[in-house]
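Heads up: the structure comes next, in structure tokens.
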Amino acid sequence: MSPNRAPQTIAAANGIATDSAFGAVAPPIYLSSSYTFEGFGRARAYDYSRAGNPTRDVLADTIAQLEGGAGAVVVSSGMAAIDLVLSLLETGDLIVAPHDCYAGTQRLLQARQAKRQVEVVFVDQSDGPALAAALARSPALVLIESPSNPLMRVVDIQAIAAAARSAGARTVVDNTFLSPAGQQPIKLGADLVVHSTTKYLNGHSDVVGGVVVAADQADVAALASWANVTGVTSSPFDAYLTLRGIRTLFARVERQQRTAGLIAEFLHGHPAVPKVWYPGLPTHPGHGIAKAQQSGFGAMLSFELTGGVEGVSRFVHALELFVLAESLGGVESLVAHPATMTHASMSPEARHAAGISDSLLRLSVGLESEADLLADLARGLEAISITALS
């Protein structure tokens, strides 16, 4: 597809009507595990599906175009994508990661460090002196999450990427929370972008997957080679479903983040909600940076409730539309309690250092009616208020 196409067009039309066999409009699913050779010593473009698959390649090409990368490698999960990036490192290389990064990422990095494969330093990347001190140690890789999970912290990707490059490090940005519909880190100087495609890219909570997008073709080749060696590539059917989800990515995100903004404003003014974390609020400390480097504020937000864990329990049990579940980015609205769910693997000390309290809840805003979602949250908050008065 022409590089001049708008991203909305790429998402909706890349790979459409390219089937030369029967003229299918939608790209076919190639479920075959193996492919015939043209003859002795003459392999075709594909020989074995672990190494390459036409359906997976259409998805990879679509995501690479959306992110402005040279190419992409589609793998079996978001964590597999993070781990694939680590394959670019040498033994003992230093990684600079956010102090409040996703607990699964933290667990992976600590496990790799425990095996003496890499070294890791966790840093508050909004703390200039702390980040500078970490970069002075000559890291090989700087990992950025912006907005962060679950507190929606926003950091200046362009500034950190430039500083990392000066220190001789690659920069990788986890763009799962925004998707390319909300942010394109490669345009801000990142070398690599990762996604859990399970989330917004697929958007329907029925596929687990991941992807790594690279700005440099040499990195694409190295990542693809290692993915084939380790066998972490995605299945063709999962790739098909994810591509199908991407067709509606921009329409979904536009609607979801509009509703999220209304919910953030509603919660921000409620007496039972002492804190709200949403980059779209002018009171958010990263609002200015988010406005400059993002094309939208996303559909994820977090907030604290009064009443401690008991208040959280009463709130969650009163909800009818927001479903208590992990994950995010689907068409349905979800509520999660990070301390006991997504970030339960972190120690209490690590959660405290990251600012994740027992009163914190995270919302993934879906496509339900705005009025119905607001009424549902009001129902939950009323359950806390009634308890406080009784």
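The values are calculated or read from the model by the stated rules, or taken from the named source; none is laboratory data. Since this is a predicted model, take the numbers as computed values, not measurements. No Cβ is skipped: glycine too gets one built from the backbone with ideal geometry, and neighbour counts run over all protein chains shown.
Output yes when any residue across region 33-46 is among the hydrophobic types (A, V, I, L, M, F, W, C), farther than 19 Å from residue 227 by Cβ and touching a residue at least 24 places away in the same chain (Cβ under 8 Å), and no when none is. There is no residue in region 33-46 that is among the hydrophobic types (A, V, I, L, M, F, W, C), farther than 19 Å from residue 227 by Cβ and touching a residue at least 24 places away in the same chain (Cβ under 8 Å). Residues that are of a type outside the set (S, T, N, Q), under 11 Å from residue 151 (Cα atoms) and surrounded by fewer than 21 Cβ atoms within 10 Å (Cβ to Cβ) within region 352-364 comprise just one, 355.
Against the list (1) within 25 Å of residue 284 (Cα to Cα); (2) in contact with a helix residue (DSSP H, G or I) (Cβ under 9 Å, 6 or more places away or on another chain), the condition residue 126 fails is (2). Listed here are the helices (runs of 4 or more DSSP H) enclosed by region 152-259 that have at least 1 residues being under 29 Å from residue 326 (Cβ atoms), of a type outside the set (A, V, I, L, M, F, W, C) and at pLDDT 95 or above: 217-230, 236-246. Looking across region 256-294, the residues that are surrounded by 17 or more Cβ atoms within 10 Å (Cβ to Cβ), touching a residue at least 24 places away in the same chain (Cβ under 8 Å) and over 20 Å from residue 316 (Cβ atoms) come down to 256, 257, 261, 279, 284, 286, 289, 290, 293, 294. When region 282-310 is filtered for residues that are over 20 Å from the mean Cα position of the chain (by Cα) and not β-branched (Val, Ile, Thr), the ones remaining, listed by number, are 282, 284, 285, 288, 304, 305, 307, 308, 310.
The criterion of at least 2 residues that are of a type in the set (Asp, Glu) and either out of contact with any Pro (no Cβ under 8 Å at 6 or more places or on another chain) or not assigned by TED's automatic domain parsing to the domain that holds residue 214 (or both) is met, among helices (runs of 4 or more DSSP H) falling completely within region 20-138, by 54-67.
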